[in-house]
Amino acid sequence: MQNPYQQGQFGPPEWPPTQPPQPPTQPQLPRRREPRKGRRRAVVGICAVTALAVAAAVTAVVYVRRGAEDRAAASDPSKPLVKGWKTVVNPKHGTAFDVPPDWEVAAPTVFSGYTDRKNPDKVLIGHTAPAFYKSKWCSVDASGDGRTEDVRLASAGTKGAEGAKDTAEIGEKNAPTWVYAANTQPDKSRVTWDKPVEYRTKAGVRGTYVKARSAGAAQPNRCAGDGQAVVFGFKNSKGGFVAWDFHGRTGVPGAVGDDLIMRILSTVRLSGDPEEPDPAAP
């Protein structure tokens, strides 16, 4: 498309013919020049270009301001990246992420996980500084010892992953373990998982996530059933491997959907240096 501001190819000015020299005794008064064609078009064109330049400047200012706001939010890990959400900070591993306002944020020292049903003293997997969704979603005396336990609908947190060779391995090992420990013990055949996917969060943290799930898990009580997990492996500010974990029930009313899980994952970010040089502990 032709630039409208280059249409003014007006040609040479239309000056009157050159007058022959006159005798000095009879000076010739200068003739009145005829207005040049296109003068008005040129003025209008210049005004339009100026208006566009002003509009472009305003757009640039808005863009810069919005970018500055985004950078300010990302530079302060305690501020949620999603308006109205809560921030979960784990100073032990130097990480942070956000959860919706109806989630419960536990203290950084709280450990949440699952043990071996045959050996309760053996922890299969867990994380610290967790956030819970409907922490009392279901209550049951699973062991039959008279003690009622509350079963949450979903949880998220971070844990150490020292010893992993890369971020993909973190997800491949931990995602299936979450589902097995929480949903299918002692049957590992009910657990499946996807290939690792490279991912970059809003704050620029790069890593890899893996999704795992169960199908046809046994239901020894009314709270038991299938579940899913998403584990995102990345590095903290000290270069140590860590994992962000989500685990939740599936196939029940109110279960956390994939869109929300990924939105929470997108807020994962670093939060200063980890308190411990060795992030192996959960």
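For segment 169-181, take each phi angle, set θ = phi - 60°, evaluate the Karplus expression 6.51 cos²θ - 1.76 cosθ + 1.60, and give the result in whole Hz per residue in order, putting x for glycine and proline.
My calculation for segment 169-181 gives 5, 4, x, 5, 8, 7, 4, x, 5, 4, 5, 4, 5 Hz in order.
With a cut-off of 8 Å between alpha carbons and a minimum separation of six or more residues, what is the relative contact order of segment 96-138 in percent?
44 percent
Can you give me the long-range amide H partners of residue 217? Hydrogens built in the peptide plane at 1.01 Å from N, cutoff under 5 Å, separation of 5 or more residues or another chain.
Long-range HN contacts for residue 217: 226.
Using heavy-atom solvent-accessible surface (probe 1.4 Å) with all chains present, what is the largest-first order of 202, 136?
136, 202
Give the accessible surface of segment 175-282 per residue, rounded to a whole number of Å², with probe radius 1.4 Å and ligands, DNA and RNA excluded.
46 Å²
Say a paramagnetic label sat at a point 7 Å from the Cα of residue 165, along Cα to Cβ; which residues of segment 213-241 have their backbone N under 19 Å from it?
Only 233-235, 240-241 pass the distance filter.
Which whole-angstrom value gives the distance between the alpha carbon centres of segment 252-272 and segment 164-242?
After rounding, the separation between the Cα centres reads 13 Å.
DSSP loop (so not H, G, I, E, B), at most 16 other Cβ within 10 Å: list which trypsin sites (Lys or Arg not before Pro) in segment 215-270 pass both filters.
Answer by residue number: 222, 238.
In the structure displayed, which of 83/173; 118/235; 79/122; 79/118; 195/238; 159/195 lie more than 31 Å apart, Cα to Cα?
Pairs exceeding the cut-off: 83/173; 118/235; 79/122; 79/118.
Would you mind telling me the share, in percent, of accessible area of segment 116-264 contributed by carbon and sulfur at probe 1.4 angstrom?
Of all accessible area on segment 116-264, carbon and sulfur atoms account for 46 percent.
The values are calculated or read from the model by the stated rules, or taken from the named source; none is laboratory data. Bear in mind that the values here come from a model prediction, so they are computed numbers and not experimental data. Don't worry about glycine lacking a Cβ; one is built from the backbone with ideal geometry, like all the others, and counts go over all protein chains shown. Note: areas computed on protein heavy atoms with side chains; ligands, DNA, RNA excluded. Shrake-Rupley method; radii C 1.70, N 1.55, O 1.52, S 1.80 Å.
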